[in-house]
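Visitor: I have a structure I would like to understand better, so I am pasting it below and will then ask my questions one at a time.
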There are 2 protein chains.
Amino acid sequence: MANITDVARVAGVSISTVSYALSGKRPIAEATKTRIAEAVHELGYRPNAGARMLAGSRTNILALTAPMHEDTHPPALMAFVLAVVTAARSFDYDVLLLTEGEATTGLRRVASSSLVDGIVMLDVTTDDERTAVVRELGLPSVLIGIPGDTEGLTCVDLDFEAAARLSLARLVELGHTSVGLMGHAEQLYGRGSNYAPRFRDSFLEAGGESGIATAFHTTEATREGVEASLDGLRAQLPDMTAVVLNCNENIHGILLEVLREREVAVPAALSIVSACSSFSTEHFLPPIDVIPLPAQSSGQRAVELVVQQLAGFVDPHVELIAPTYQRKQSTAPPAAAAL
Amino acid sequence: MANITDVARVAGVSISTVSYALSGKRPIAEATKTRIAEAVHELGYRPNAGARMLAGSRTNILALTAPMHEDTHPPALMAFVLAVVTAARSFDYDVLLLTEGEATTGLRRVASSSLVDGIVMLDVTTDDERTAVVRELGLPSVLIGIPGDTEGLTCVDLDFEAAARLSLARLVELGHTSVGLMGHAEQLYGRGSNYAPRFRDSFLEAGGESGIATAFHTTEATREGVEASLDGLRAQLPDMTAVVLNCNENIHGILLEVLREREVAVPAALSIVSACSSFSTEHFLPPIDVIPLPAQSSGQRAVELVVQQLAGFVDPHVELIAPTYQRKQSTAPPAAAAL
DNA sequence: CTGAAAGCGCTTACAG
DNA sequence: CTGAAAGCGCTTACAG
């Protein structure tokens, strides 16, 4: 494999000139630049990654830690992973993938061997053990998700509070006055990821503010769980005409099936909004209105923030991404209003 | 960050001794080894990755190319990615993740800059453009999946032919004599991934050999598609008592729903086997018998083969992984036999 | 606008 | 069993 010396010889210049021509870090005569470019092309030259890391003390590699929890939805994780990789490449960074088995040890390892320039953390939980490592390493790092203690950390996440309000606002606009929230499984509201309680609390709060009757129920991803949740909400809200789902994907299909059996028409008798979902709600019958979990923009923004940290100092902060509402066919004015 | 010179000084030895002690490439006196280990621990020393790559001309990094096609099932891809990463780590390799946008350019880039020691390719299609690159690069590489032309390539995949036979054998054992195959969407049987036709052909062949009536129908992942497929099979097999699914995950749920509406009991009136599925069939009602797509063992084996190639010459070859059958609650003797 | 040279931190023959 | 030293292929002050 050709090296920089070969290129220099063919182009008739010194290796430093080749290096500078390639990095653009100092002005090079047009003619020289051309000869170097030709030599590079002719020899199929690519700078050796290891030599570059060693001499330049930067690797152009980002670590991406993507653990799988029990409640991790694989397609969601995949969407975030792809988003981060794509964004990283656009800044000329490669991505080293670290998984659960190596949550903290892996981070320590790649950081202290100077294998990576920065870190992007996925699927952050409230008391994530990785946050301590990231603080300790002092490497440019961005979390996608918000841990309990954000002190000294830079985080990116969907604005779950705004998403909760948006889901409700949309239904209120249509005339609904009694809206239930089918939540995740109970365990998610204890420790673990904090987006679930964030959503729930804002939802209930927004209901209070707008004078809407609201109720919340956890939901297990089984038929029984869905029925229990639905019945629980109806018990609290006898006139419920709409339900917001902030829950597991599987629950969506089960709910639609239960409603079909009970001959509850969607959206005629019950409107449905899926909030903060990473999956397509297009194939459901009917397609469900959705406030998507913005994998692409989260990944993009996270990488941007790492790159900015690499370029200079950035104050640790939390960035919330504004939710968007996608209208499909699962919402309508409440039946009572329609009569 | 401490370097090898620091360690050598603290341990009172030369840097070459430190290096050899760490790599184990030559015998070191027990006492010396201990002092070095202490120094390493005391200083929190980790060899610099770039320096190691440059001096050792190996990176301990594997490239993993994981493109997303239209018909890629994200959870499946995720399962393979995790399996490869986990296996790689067990051999002390890290994994650099390459995605679609960089299918061939990315491989060329990381290979010619000596960023990676080997390549694992996921989701290989019949006429995969990456195979040409892999052949040209001459880097240790293993494909998970089988392209049209395997010349010079090492491939690992589930034995789809055996899986097809196994699914049918199980049903025959139960007494079924008329079994339909609900396949993937039509486009998958043209170009693209070749596992679908491999499964179909073996299924039909096995049916012929065992004197069982079989039929095949492509299936679109919509309600209409599923009904069309089911009705199509029934038209060909009026006495059909079992169906093998080698198709999209979404089709499973839709099929169960259609059957429920039509009051076809599973497994009493119709047995179902899901073949080569990467997802859990546990949560369906009833849980569906499955021949899983072995993500874990495929990833494990692929990495092993790359590592073997790294260690010495390995003849390019195709390795098929034997299918396993997991009994759940979706199969039973045919109703006619039960009567 | 360009070059000669030091140095990044390792690995690995070469020597003893 | 251990050390001195070359060398991997770059980047980047230092000089002109």
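Visitor: Hey, if you drop one equal point scatterer on each alpha-carbon of segment B:1-115 and run the Debye formula without solvent, what base-10 log of I(q)/I(0) do you get at q = 0.15, 0.16, 0.18, 0.19 Å⁻¹?
Guide: -0.78, -0.83, -0.93, -0.99
Visitor: Show me, for segment A:141-152, the HN-Hα J-couplings you get by feeding each phi into the Karplus relation (A = 6.51, B = -1.76, C = 1.60, θ = phi - 60°), rounded to Hz, glycine and proline as x.
Guide: 8, 9, 9, 9, x, 10, x, x, 10, 9, 3, x
Visitor: Going Cα to Cα from residue A:33, which lysines come in below 24 Å? Please leave out same-chain ones fewer than 8 positions away.
Guide: Within the straight-line limit of under 24 Å, residue A:33 reaches these lysines: A:25.
Visitor: Right, here's the next one. Most fluctuating residue of A:56, A:138, A:207 in a GNM of chain A with Cα springs under 10 Å: which is it?
Guide: A:56
Visitor: I want to verify the translational diffusion coefficient of chain B in µm²/s; compute it with Stokes-Einstein, Rh as the Kirkwood radius over Cα pairs, at 37 °C and 0.692 mPa s. Mind dumping the intermediate values first?
Guide: Working: Rh = 22.6 Å.
The diffusion coefficient I find is 145 µm²/s.
Visitor: For label points placed 7 Å from Cα toward Cβ, what is the shortest-first list of nm distances from residue B:58 to its copies?
Guide: 3.0
Visitor: Here's another thing I want to ask about it. Taking each residue in A:42-50, count the Cβ atoms of any other chain within 10 Å of its Cβ, then average. What number comes out?
Guide: Average neighbour count from other chains, rounded to a whole number: 6.
Visitor: Another one. Beyond 27 Å, what share of the Cα-Cα pairs of segment B:95-234 remains, rounded to the nearest whole percent?
Guide: 38
Visitor: How much FRET efficiency would the formula 1/(1 + (r/R0)^6) give for residue A:210 and residue A:189, where r is the Cβ-Cβ distance and R0 is 30 Å, rounded to 0.05? Spell out each step's value before the answer.
Guide: Values: r = 23 Å, r/R0 = 0.78.
Calculated value: 0.80.
Visitor: Work out how far the C-alpha atoms of the protein assembly as shown reach from end to end along every principal axis, then list the three figures in whole Å, largest first.
Guide: The principal-axis extents, from largest down, are 81, 70, 60 Å.
Visitor: What nm distance separates the two modelled labels at residue B:1 and residue A:100, each placed 7 Å from Cα along Cα→Cβ?
Guide: Placing both labels 7 Å beyond Cα along the Cβ direction yields 2.9 nm.
Visitor: A follow-up question, please. About its Cα centre, what dipole magnitude does segment A:97-166 give when the only charges are +1 on Lys and Arg Cβ and -1 on Asp and Glu Cβ, stated in debye to the nearest 20?
Guide: Taking the Cα centre of segment A:97-166 as origin, the dipole is about 240 debye.
Visitor: Compute a Gaussian network model of chain A, connecting alpha carbons closer than 10 Å, and tell me which residue from A:140, A:267, A:75 fluctuates the most.
Guide: Top of the fluctuation ranking is A:75.
Visitor: Pop a pseudo-label 7 angstrom from the Cα along the beta-carbon direction at both residue B:326 and residue A:23 and give the gap in nm to one decimal.
Guide: With each label placed 7 Å out from Cα toward Cβ, I get 5.2 nm.
Visitor: Tell me which of B:44, B:63, B:105 sits at the most positive position along the dipole axis of the protein assembly as shown, charges placed on C-beta atoms (Lys, Arg +1; Asp, Glu -1).
Guide: The Cα lying farthest towards the positive end belongs to B:44.
Visitor: To continue, here is another question. For chain A, give the magnitude of the charge dipole about the Cα centre (Cβ charges: +1 Lys/Arg, -1 Asp/Glu; no others), in debye to the nearest 20.
Guide: 1400
Visitor: Follow-up. Identify, among A:171, A:217, A:204, the residue whose Cα sits farthest towards the positive end of the charge dipole of segment A:157-219, taking +1 on the Cβ of Lys and Arg and -1 on the Cβ of Asp and Glu, with the dipole about the Cα centre.
Guide: A:217
Visitor: Testing the spin-label approximation: label points 7 Å from Cα along Cα→Cβ at residue A:127 and residue A:228. State their distance in nm.
Guide: 2.5
Visitor: Starting from 0.36 nm per residue, how many nanometres of slack lie between residue A:92 and residue A:308 once their C-alpha separation is accounted for?
Guide: Separation in residues times 0.36 nm, less the Cα-Cα distance, equals 76.4 nm.
Visitor: Same structure again: Most fluctuating residue of B:283, B:41, B:184 in a GNM of chain B with Cα springs under 10 Å: which is it?
Guide: The residue that fluctuates most here is B:41.
Visitor: May I pose another question? Kindly provide the helix-only [θ] at 222 nm of chain A, computed as the sum of -39,500 (n - 2.57) over DSSP H runs of four or more divided by all residues, to the nearest 500 deg cm²/dmol?
Guide: Working: 13 runs with 153 residues, N = 339.
Helices in chain A give a 222 nm mean residue ellipticity of -14000 deg cm²/dmol.
Visitor: What nm distances, shortest first, do you get from the label point of residue B:260 to those in the other copies when the point sits 7 angstrom along Cα to Cβ?
Guide: So the distances to the same position in the other copies read 0.8 nm.
Visitor: Under the Karplus relation 6.51 cos²θ - 1.76 cosθ + 1.60, θ = phi - 60°, what is the ordered set of whole-Hz ³J(HN,Hα) values for segment B:98-111, x standing for Gly and Pro?
Guide: Once θ is set to phi - 60°, the couplings for segment B:98-111 become 10, 10, 2, x, 10, 2, 8, 4, x, 4, 4, 4, 5, 6 Hz.
Visitor: Scan chain A and hand back the longest stretch that contains none of the chymotrypsin sites (Phe, Trp or Tyr not before Pro) lying in DSSP loops with at most 15 other Cβ atoms within 10 Å.
Guide: Between the exposed loop sites, the longest stretch runs A:92-312.
Visitor: Further question: Stick to the Cα atoms of segment B:73-175, pair each with every other, and give me the Kirkwood hydrodynamic radius in Å at one decimal. It would help to have the intermediate numbers written out before the result.
Guide: Details: mean 1/r = 0.0652 Å⁻¹.
Roughly 15.3 Å, rounded to one decimal.
Visitor: Another question, then. Tell me which trypsin sites (Lys or Arg not before Pro) from segment A:112-173 have a DSSP coil assignment and no more than 11 other beta carbons within 10 Å of their own.
Guide: Those that pass, being in a loop and sparsely packed, number zero.
Visitor: Further question: Which distances in nm, rounded to one decimal and ordered from shortest, link the label point of residue B:14 to the equivalent label points in the other identical copies, with labels set 7 Å from Cα toward Cβ?
Guide: Once sorted, the set of distances for residue B:14 reads 3.3 nm.
Visitor: For chain B, which span is the longest to avoid every loop-located (per DSSP) member of GluC sites (Glu not before Pro) having at most 14 other Cβ atoms inside 10 Å?
Guide: No qualifying site falls inside B:152-262, the longest such stretch.
Visitor: Could I ask something else about it? Toward the positive end of the charge dipole of the protein assembly as shown, about the Cα centre and with charges on Cβ (Lys, Arg +1; Asp, Glu -1), which of B:83, B:180, B:116 goes farthest?
Guide: My answer, from the dipole projection, is B:116.
Visitor: Now, a different point. Report the percentage of all Cα-Cα pairs in segment B:4-47 whose separation exceeds 14 Å, rounded to a whole percent. Can you show the working numbers first?
Guide: Values: 321 of 946 pairs.
Within segment B:4-47, distances greater than 14 Å cover 34 percent of Cα pairs.
Visitor: Among the DSSP beta bridges whose two residues both lie in the protein assembly as shown, what percent are antiparallel, rounded to the nearest 5?
Guide: In the protein assembly as shown, approximately 5 percent of DSSP beta bridges are antiparallel ones.
Visitor: Give me Rg over Rh for segment A:156-274, both radii from the alpha carbons and Rh done the Kirkwood way, two decimal places. Spell out each step's value before the answer.
Guide: Details: Rg = 13.3 Å, Rh = 14.2 Å.
My calculation of the ratio gives 0.94.
Where a number appears in this text, it was derived from the coordinates with a stated rule and is not lab data. Owing to the predicted nature of the structure, the values given are computational and were not obtained by experimental measurement. Positions of Cβ are generated from backbone atoms using ideal geometry, with glycine treated the same way; all protein chains shown enter the neighbour counts.
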